[in-house]
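If you scroll down you'll find the structure; I have some questions about it.
The values are calculated or read from the model by the stated rules, or taken from the named source; none is laboratory data. Bear in mind that the values here come from a model prediction, so they are computed numbers and not experimental data. Here Cβ is always computed from backbone atoms with ideal geometry, including for glycine, and neighbour counts include all displayed protein chains. Just the protein is used for accessible areas: all its heavy atoms, side chains included, with ligands, DNA and RNA removed. Shrake-Rupley method; radii C 1.70, N 1.55, O 1.52, S 1.80 Å.
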Amino acid sequence: MVHFVGAGSGAVDLITVRGARLLAEADVVIYAGSLVNPELLDYTSQGCEVYNSAEMTLEQVLEVIRSAEAQGKTTVRLHTGDSSIYGAVREQFDELDELGIAYDVCPGVSAFCGAASSLRAEYTLPDVSQTVIITRAAGRTPVPEGQSIRELASHQATMVLFLSTGLTEKLQRELLEGGYPGSTPVAVVYKATWPEEKILRCTVETLHRTVTENHLTKTALIIVGDCLGDRYERSRLYAPDFSTEFREASQ
């Protein structure tokens, strides 16, 4: 059996209870060493075999899993954040289906949630943004047609950008060309929820300068949108004059 486990956004205690239990029960752990906090391996039992997938190809990962299955061992595939976001898990699922190897998925706290907690931000503010776009700038890996930063920026929604810290010159230009005003608030969160976390605040028009002056090239999220500003409407759900299934309006 293979368990795909989301490691959480960085802090060791942000892994789920289920994820920690699965790590403790695992005979083999294959973890994304370039991004997963290595202290999470302290949850594993003595004698557990540990592999760093940052140094492996997909084929090598699958060979470790095949070998473990042949020996009746349990494998945990430990991914950063939540594996459903930039986790490259679909290709693993498909290969395991072909091999007839059973697997399941344990969700994790994504870095975009970790960044929001560090910023004390709400991505979906009434009258500001009710939509969150999770995306990345096109680099060595292209993005599908119709999903460029310029096109997505036209929605003026909250945008959370993964894997884009080294592309901020192009990113800033496309955000502006897509329609975000230059004064739109931006937060850059380096290693959200890790002990070495760093938060930089700027605007769309100062994004590239802020990132380069602080020598950031990777392992950071970029959040763009007026949800980081001061203007918003109070939620109707908790307004005295708003009735719900559980409470009658009092005014």
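Would you work out the charge dipole size for the range 114-201 about its Cα centre, treating the Cβ of every Lys and Arg as +1 and the Cβ of every Asp and Glu as -1, and quote it to the nearest 20 debye?
Dipole about the Cα centre, nearest 20: 260 debye.
Let me ask something else about it. Which whole-Hz ³J(HN,Hα) couplings does the range 90-107 yield from phi under the Karplus relation 6.51 cos²θ - 1.76 cosθ + 1.60, θ = phi - 60°, glycine and proline marked x?
4, 5, 6, 4, 4, 5, 5, 4, 4, 7, x, 9, 6, 8, 9, 10, 10, x
Additional query: Add -39500 (n - 2.57) for each DSSP H run of 4 or more in the chain, then divide by its residues: what number comes out at 222 nm, to the nearest 500 deg cm²/dmol?
Using -39500 (n - 2.57) per qualifying helix, the result is -7000 deg cm²/dmol.
Please work out the average accessible area per residue across the chain, using the 1.4 Å probe convention, and give it in Å².
Averaged over the residues of the chain, the accessible area is 53 Å².
If R0 is 30 Å, what FRET efficiency do you get for Asn214 and Ser183 from their C-beta distance, rounded to 0.05?
0.90
Another question about this same structure. What FRET efficiency would be calculated for the residue pair Ser34, Ser250, taking the C-beta separation as r and a Förster radius of 51 Å, to the nearest 0.05?
0.40
Let me ask you something else. The range 120-196: percent of C-alpha pairs farther apart than 13 Å?
Distances greater than 13 Å cover 70 percent of the Cα pairs.
Have a look at the chain and give its Rg and Dmax from the Cα atoms, expressed in angstrom.
Looking at the chain, its Cα Rg and Dmax stand at 20.8, 68 Å.
Averaging over every viewing direction, what projected area does the convex hull of the Cα atoms of the range 153-250 cover, in nm²?
8.5
Using a Förster distance of 35 angstrom, determine the FRET efficiency expected from the C-beta separation of Asp27 and Arg140, and round it to 0.05.
0.50
Cβ under 13 Å from Arg247's Cβ, Arg247 left aside: what net charge do those residues give with Lys, Arg +1 and Asp, Glu -1?
Computed value for this residue: -2.
Mind grabbing the base-10 log of I(q)/I(0) for the range 64-139 at q = 0.14, 0.16, 0.20, 0.25 Å⁻¹? Debye formula, identical points on the C-alpha positions, no solvent, two decimal places.
Here the Debye-derived log intensity ratios amount to -0.65, -0.76, -0.97, -1.25.
Among Ala26, Ala68, Ala153, which one shows the highest mean-square fluctuation when the chain is modelled as a Gaussian network with alpha-carbon springs under 10 Å?
Among Ala26, Ala68, Ala153, the largest mean-square fluctuation in the Gaussian network model of the chain belongs to Ala68.
If I model a spin label at Leu41 and Glu205 as a point 7 Å from the Cα along the Cα→Cβ vector, what separation in nanometres do I get?
About 4.8 nm separates the two model spin labels.
Note the full-extension length gain between Asp230 and Glu196 as 0.36 nm times their separation in residues minus their Cα-Cα distance, in nm to one decimal.
Residue separation times 0.36 nm, minus the Cα-Cα distance, leaves 9.5 nm.
Kirkwood Rh over Cα pairs of the range 1-87 into Stokes-Einstein at 10 °C, 1.306 mPa s: D in µm²/s?
Stokes-Einstein gives a translational diffusion coefficient of 125 µm²/s.
Using a 7 Å offset from the Cα along the Cα-to-Cβ direction at both Asp94 and Arg150, what is the distance between the two label points in nm, to one decimal?
The answer from the label model is 3.0 nm.
Along Cα→Cβ, 7 Å out, is where each label goes; now give me the distance between the ones at Asp104 and Glu55 in nm to one decimal.
3.2
Another question about this same structure. Where in the range 96-134 does the label zone of Asp241 land, with the point 7 angstrom along Cα→C-beta and an amide N cut-off under 18 Å?
127
May I ask you to give the percent of accessible area on the range 165-219 that is carbon plus sulfur, with a probe radius of 1.4 Å?
About 48 percent, which is the carbon plus sulfur part of the accessible surface.
Under 30 Å from the Cα of Lys170, which lysines turn up, not counting those fewer than eight places away in the same chain?
Lys191, Lys198, Lys218
Now a separate question. Could you list log10 I(q)/I(0) for the range 1-47 at q = 0.26, 0.29 Å⁻¹, which the Debye formula gives when each Cα is one point scatterer?
The Cα Debye sum returns log10 ratios of -1.03, -1.29.
Further, regarding this structure: Cα atoms only, the range 38-78: Rg and Dmax in Å?
When restricted to the Cα atoms of the range 38-78, Rg and Dmax are 10.8, 29 Å.
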